[in-house]
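Enquirer: Okay, here's the structure, questions in a sec.
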């Protein structure tokens with residue numbers, strides 16, 4: 001009696017026949033084999049535990065019976081191991097390898113940068129050569145104009161040192177105070193009006209009830225009644241006894257003026273023309289003073305300057 005085969009068995013047999021012909025087996029057989037060989041997890045843990053206990057027992061038994069090779073094992077086990085030293089050694093080795101690698105990368109990058117810079121320099125030099133060639137013609141064509149400008153500048157008296165034209169007194173590189181001092185020295189002659197001791201210089205000073213904070217002149221101490229001469233020639237612009245200056249005289253010469261204050265006696269009148277060295281007053285103690293002295297000012301267009309920058313006492 002013929003056996004009845006199910007549809008699934010027919011398919012499986014057909015796959016087995018095809019697999020044998022190809023020298024392979026079907027995927028279904030592979031899955032079956034894998035499922036057959038798979039070991040339960042508890043069994044695997046049990047086997048590993050038993051094996052570990054056997055190995056440990058064997059090692060303990062051998063150590064108790066003093067087998068010859070156990071001496072070497074004991075030496076190894078009893079040796080001190082410096083974990084920190086081992087770690088430092090490994091770290092230094094790793095760092096050396098890393099530095100070496102970084103050095104190679106840096107050298108490669110530098111070489112690429114050098115090549116790029118060389119190419120850029122060559123391009124710049126080529127462009128500069130072209131621009132130089134073009135500009136050379138322009139410079140040659142303009143040389144005549146440049147010489148003409150230089151000649152005109154020389155004729156007009158322009159100097160690199162003064163920065164002016166025709167010997168002008170004002171130098172744009174100088175401060176206003178320096179310009180005024182230079183102008184006074186070039187345009188008028190000034191001498192010492194009275195010889196004595198300089199008791200207070202020009203500029204800022206410690207103020208008191210009598211002494212001002214910013215001194216506009218030079219105080220020359222001398223005996224009361226000592227003659228004062230005109231430091232420069234000029235016209236008497238002012239004679240007055242009003243204010244902190246007491247009895248004072250002002251003489252002008254163009255833009256330059258000189259002031260003589262705290263006088264005892266004044267021998268000139270407003271509008272008089274005075275010669276340089278002429279006696280005009282005597283030292284006094286009038287006005288706001290701390291003792292007999294001459295307060296002497298030099299100014300240009302109302303701007304006072306340090307008298308000691310012009311005269312020497």
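The values are calculated or read from the model by the stated rules, or taken from the named source; none is laboratory data. What you see is a predicted model, and the numbers here were worked out from it, not measured in a lab. For neighbour counting, all protein chains shown are included, and Cβ atoms are generated from backbone atoms with ideal geometry for every residue, glycine included.
Enquirer: What number goes with the only condition from (1) over 28 Å from residue 177 (Cβ atoms); (2) over 56 Å from the mean Cα position of the chain (by Cα); (3) touching a residue at least 40 places away in the same chain (Cβ under 8 Å) that residue 277 does not pass?
Expert: Against the list (1) over 28 Å from residue 177 (Cβ atoms); (2) over 56 Å from the mean Cα position of the chain (by Cα); (3) touching a residue at least 40 places away in the same chain (Cβ under 8 Å), residue 277 comes up short only on (1).
Enquirer: Here is a follow-up. Suppose we filter the stretch 206-222 for residues that are in contact with a strand residue (DSSP E or B) (Cβ under 7 Å, 6 or more places away or on another chain), loosely packed, with under 13 Cβ neighbours inside 10 Å and under 20 Å from residue 260 (Cβ atoms); how many remain?
Expert: So the count comes out to 1.
Enquirer: Pull out all pairs, ordered by first then second residue, where Cβ-Cβ is under 7 Å, the residues are six or more apart or on different chains, the first lies in the stretch 209-224 and is under 17 Å from residue 286 (Cβ atoms), and the second is modelled with pLDDT under 90 and buried (at least 17 other Cβ atoms within 10 Å of the Cβ).
Expert: Here the result reads 219/200, each pair linking the stretch 209-224 to a residue that is modelled with pLDDT under 90 and buried (at least 17 other Cβ atoms within 10 Å of the Cβ).
Enquirer: Here is a follow-up. Which numbered condition in (1) under 40 Å from the mean Cα position of the chain (by Cα); (2) loosely packed, with under 13 Cβ neighbours inside 10 Å; (3) more than 21 Å from residue 289 (Cα to Cα); (4) modelled with pLDDT of 70 or more is the only one that residue 150 fails?
Expert: (4)
Enquirer: Return the total of residues in the stretch 180-205 being within 16 Å of residue 256 (Cα to Cα) and in a loop (DSSP other than H, G, I, E, B). Talk me through it step by step, then tell me what you get.
Expert: Of the stretch 180-205, the ones within 16 Å of residue 256 (Cα to Cα) are 180-193.
Imposing the further condition that a residue be in a loop (DSSP other than H, G, I, E, B) reduces the set to 188-193.
Number satisfying all stated conditions: 6.
Enquirer: When you check residue 250 against the structure, is it at pLDDT 95 or above, part of a strand (DSSP E or B) and farther than 14 Å from residue 297 by Cβ, yes or no?
Expert: Answer is no for this residue.
Enquirer: Ok, one more. Applying the selection to the stretch 181-204, what residues are free of Cβ contacts under 8 Å to residues at least 60 places away in the same chain, in contact with a strand residue (DSSP E or B) (Cβ under 9 Å, 6 or more places away or on another chain) and surrounded by 14 or more Cβ atoms within 10 Å (Cβ to Cβ)?
Expert: 200
Enquirer: Closer than 24 Å to residue 180 by Cβ, part of a loop (DSSP other than H, G, I, E, B) and modelled with pLDDT of 95 or more: does that describe residue 261? Step through it out loud before you land on a result.
Expert: Working: closer than 24 Å to residue 180 by Cβ: yes; part of a loop (DSSP other than H, G, I, E, B): no; modelled with pLDDT of 95 or more: yes.
For residue 261, the condition - closer than 24 Å to residue 180 by Cβ, part of a loop (DSSP other than H, G, I, E, B) and modelled with pLDDT of 95 or more - is not met.
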